[in-house]
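**Student:** Below is a structure I'd like to ask you about.
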Amino acid sequence: MEAVVVDAGSKLLKAGIALPDQAPALLRISLAWGFAGQVMPSKMKVEVEDQQLADGAVVEEVVQPVVRGFVKDWDAMEDLLSYVLYRNIGWEIGDEGQILFTEPLFTPKALREQLAQLMFEKFNVSGFYDSEQAVLSLYAVGRISGCTVDIGHGKIDIAPVCEGAVQHVASKRLEIGGVDLTNLFARELKKSNPSINIDPSDVERIKEQYACCTEDQLAFDAIESSCQPERHTLPDGQVIMIEKERYVVGEALFQPRILGLEDYGIVHQLVTSVSNVSSEYHRQLLENTMLCGGTISMTGFEDRFQREANLSASAIRPTLVKPPEYMPENLAKHSAWLGGAILAKVVFPQNQHVTKGEYDETGPSIVHKKCF
């Protein structure tokens, strides 16, 4: 039985079988989820008793197991994984296989141990491994060294990676992400359309459809006074006007003050991060810069990032990695999962993973010795 790879983010959970040998198998999973895996929301609806209603009355409540990249509700996570592994992947109770998880930057040791404990004691897996998303994303583009800028739903991870090892002392985690950009977009839309209440799910879709980046800050400043409004019809028939807010979303990544943060933009953060690594690695890291996450698909974002990089004070300018031609166009959205599928075909056949016997003998702490 081939190993399962799980990439559990704050917004989406991606899970599928790491099919062997050929890249097309990975492409089919990435491009047509449902062949051997799927992408699904990282949230669940649970029924809870409402003390303010009549006896026995229950209401639905949305629970998010993963918040800002880290698991916060382990009971909900167990239920979500049970649904994915037994209902979707096709595991059978008593015949569970091997599993590899991706993990975000700076995952606390206690959470790694708790995940291993859940897998071995609740799901009875035969083998377990986890690896950092930054390393896996680089594997997906054929690199073992480089720097990843991962803009997730709840956080931004900037991680220099040398020879397959994350340089944690130089890495950065920013507590902003796609959800904060959506909230910003909602506030800006409200200013342009004060009399209309827009459903949060509609805000997310509108952001994905309209949000874009100007070519530089001067162009953004000019847009403030010259932006042409665009009409958009909501599902309920109401019409809203979309103006400069479509540009504000992307600009916030380069000017965090828009979000109320006294901090530098992501290009400056990247260069500063790499400057904390030994200078002999600077060229290798900066010239293999990889953008990850759904947000980078925003119109004009990569061009703006590269333009800002070309203007940076760094002696070596960051250069974006171009994915291999045989990889899917939406690689950046699934890079950690794809890298995990590649790694799974190495660690499990070569017995580099945590086995059930090792876990029973040593306990959850074994993950720190075997997974790195």
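**Student:** Tell me, what is a quarter of the convex hull surface for the C-alpha atoms of the chain, in nm² with one decimal? Walk me through the numbers before you get to the answer.
**Tutor:** Values: hull surface 86.9 nm².
The directionally averaged projection comes out at 21.7 nm².
**Student:** What is the magnitude of the charge dipole of region 178-259 about its Cα centre, with +1 placed on the Cβ of each Lys and Arg, -1 on the Cβ of each Asp and Glu, and no other charges, expressed in debye to the nearest 20? Write out the running numbers ahead of the final one.
**Tutor:** Values: 9 positive and 15 negative charges, 40 e Å.
For region 178-259, the charge dipole is close to 200 debye.
**Student:** Output the pairs from K122/K172; K155/K370; K11/K333 with a Cα-Cα distance over 22 Å in this structure; if there are none, say none. Present the calculation step by step, with values, prior to reporting the outcome.
**Tutor:** Details: K122/K172 33 Å; K155/K370 27 Å; K11/K333 12 Å.
Correct reply: K122/K172; K155/K370.
**Student:** So if I place +1 on the C-beta of Lys and Arg and -1 on the C-beta of Asp and Glu, and nothing else carries charge, what would the dipole magnitude of region 125-213 be about its Cα centre? I want it in debye, nearest 20. Each step should come with its number before you reach the end.
**Tutor:** On the way: 9 positive and 12 negative charges, 57 e Å.
Dipole of region 125-213, to the nearest 20 debye: 280 debye.
**Student:** Let me ask something else about it. Quick check on region 65-213: take the gyration tensor over C-alpha atoms, sort the square-rooted eigenvalues as a ≥ b ≥ c, and tell me if it's rounded (a/c under 1.5), prolate or oblate. Each step should come with its number before you reach the end.
**Tutor:** Values: a/c = 2.39, a/b = 1.40, b/c = 1.71.
It comes out oblate by the Cα gyration axes.
**Student:** Using just the helices of the chain, give the 222 nm mean residue ellipticity in deg cm²/dmol: DSSP H runs with n ≥ 4 each add -39,500 (n - 2.57), and the total is spread over all residues, rounded to 500. Please report the intermediate quantities before stating the final value.
**Tutor:** Working: 14 runs with 134 residues, N = 372.
About -10500 deg cm²/dmol.
**Student:** A further question follows. What number, in percent, do you get for the relative contact order of the chain if the mean sequence gap of Cα pairs under 8 Å and at least 6 apart is divided by its residue count? Working shown, then result.
**Tutor:** Numbers: 657 pairs, mean separation 75.8, N = 372.
With pairs under 8 Å counted, the relative contact order is 20 percent.
**Student:** Right, here's the next one. Taking R0 as 22 Å, what FRET efficiency do you get between R205 and C227 from their Cβ-Cβ distance, rounded to the nearest 0.05?
**Tutor:** Computed FRET efficiency for R205 and C227 comes out at 0.60.
**Student:** When we measure straight from the Cα of K190, which aspartates and glutamates land under 20 angstrom away, once same-chain ones fewer than 8 places off are left out?
**Tutor:** Candidates past the 8-residue exclusion: D180, D199, D202, E204, E208, E224, E230, D236, E243, E245, E251.
**Student:** Could you work out how much longer the chain between Y86 and E287 gets when fully extended? Use 0.36 nm per residue separation minus the Cα distance between them, nm to one decimal. Mind dumping the intermediate values first?
**Tutor:** Numbers: separation 201, 0.36 × 201 = 72.36 nm, distance 4.23 nm.
Gain on stretching Y86 to E287: 68.1 nm.
**Student:** Another question about this same structure. With a 1.4 Å probe and every protein chain kept in, tell me what percent of the accessible surface of the chain is carbon plus sulfur.
**Tutor:** 48
**Student:** Would you mind working out the magnitude of the charge dipole of region 301-372 relative to its Cα centre, with +1 at each Lys and Arg C-beta and -1 at each Asp and Glu C-beta, to the nearest 20 Debye?
**Tutor:** Numbers: 9 positive and 8 negative charges, 25 e Å.
Magnitude of the dipole: close to 120 debye.
**Student:** Right, here's the next one. What is the distance in Å between the Cα centres of region 254-274 and region 210-247?
**Tutor:** Value for the Cα centre distance between the two parts: 23 Å.
**Student:** Can you give me the accessible area per residue for the chain, using a 1.4 Å probe, in Å²? Please report the intermediate quantities before stating the final value.
**Tutor:** Working: 17730 Å² over 372 residues.
Dividing the accessible area of the chain by its residue count gives 48 Å².
The values are calculated or read from the model by the stated rules, or taken from the named source; none is laboratory data. Not measured: the values here are computed from a predicted model. As a convention, Cβ positions derive from the backbone with ideal geometry for all residues, glycine included, and neighbour counts pool all protein chains shown. Surface accessibility is based on the protein's heavy atoms, side chains included, excluding ligands, DNA and RNA. Shrake-Rupley method; radii C 1.70, N 1.55, O 1.52, S 1.80 Å.
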